[in-house]
Amino acid sequence: MAEVFTLVENSRDFIAVADLQGTIEYINPAGRALLGMAGADAVRGTNAHDYVAAEDLTLMQDTVFPAICSSGQWQGEILFRHHQTGQALPMDYVGFLVKDPKTGEPRFVATVSRDITERRALEQQLQQSQKFEAIGQLAGGIAHDFNNVIGAILGWAELGD
């Protein structure tokens, strides 16, 4: 079991565990650093909603937690909130129930999430470059058509000489 804890402690992803009411029991060091939080004591006893950006609180309350409790998991994108700056952080989120191995009863809600800020920025750059490429192709097509028209005019002008 110590190996699993070492794995979680050294993971670069956000890993957290909360009780079934959403009270935080644990956030790994990478998760605390991502959210701008101090040591483990700073997060224990806080509520999971404290870590979600305001614009996604309704999603968390109305969709994510109910789905986790009813089907056992939910995955998708959700915005976390950096505690010092208030910045919204886009996250690839997977939340799931942790059940008692003997009884099968739900005991905790856990999440493994990954910051996708950089991926989002790269996607926007790709979209921008694709727009410029399309504009370049359009301009090239127009120039080609214009060149054809000019060629025809010059050809007719030479016949007129």
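The values are calculated or read from the model by the stated rules, or taken from the named source; none is laboratory data. Keep in mind the model is a prediction, meaning the values are calculated, not measured. Using ideal geometry, Cβ is built from the backbone for each residue, glycine included, and neighbour counts are taken over all protein chains shown. Please note that ligands, DNA and RNA were not included when accessible areas were found on the heavy atoms of the full protein model with its side chains. Shrake-Rupley method; radii C 1.70, N 1.55, O 1.52, S 1.80 Å.
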Next item on the list: For the range 1-85, build the charge dipole from Cβ charges (+1 Lys, Arg; -1 Asp, Glu) around the Cα centre, then report which of Gln21, Gln61, Thr85 sits farthest towards its positive end.
Entry: Thr85
Next item on the list: Please get the size of the charge dipole for the range 38-143, origin at its Cα centre, with Cβ charges of +1 on Lys and Arg and -1 on Asp and Glu, quoted in debye to the nearest 20.
Entry: 180 debye
Next item on the list: Compute the accessible area per residue over the range 36-161, keeping the other protein chains in place, probe 1.4 Å, unit Å².
Entry: 68 Å²
Check: For Ala33 and Lys102, what does the FRET efficiency come to when R0 = 25 Å and r is the distance between their Cβ atoms, rounded to the nearest 0.05?
Finding: 0.10
Checklist line | Length added when fully stretched, Ala134-Asp41, from 0.36 nm per residue minus Cα-Cα | finding: 28.2 nm
Next item on the list: Starting from the amide H of Arg81, placed 1.01 Å from N in the peptide plane, find each other amide H under 5 Å away whose residue is 5 or more places distant or on another chain.
Entry: Val52, Ala53, Leu89
Item checked: Rounded Å value of the spacing that divides the Cα centres of the range 46-60 and the range 108-161 -> 40 Å
Notebook entry, point to check: Please report, for the Cα atoms of the range 33-159, the Rg to one decimal and the Dmax as a whole number; what are they, in angstrom?
Noted result: 26.8, 96
Check: Carbon and sulfur atoms: what percent of the 1.4 Å accessible area of the range 1-120 do they account for?
Finding: 53 percent
Check: Put +1 on the Cβ of each Lys and Arg and -1 on the Cβ of each Asp and Glu in the chain; which of Gly155, Gly136, Ser11 then has its Cα farthest toward the positive end of the dipole?
Finding: Ser11
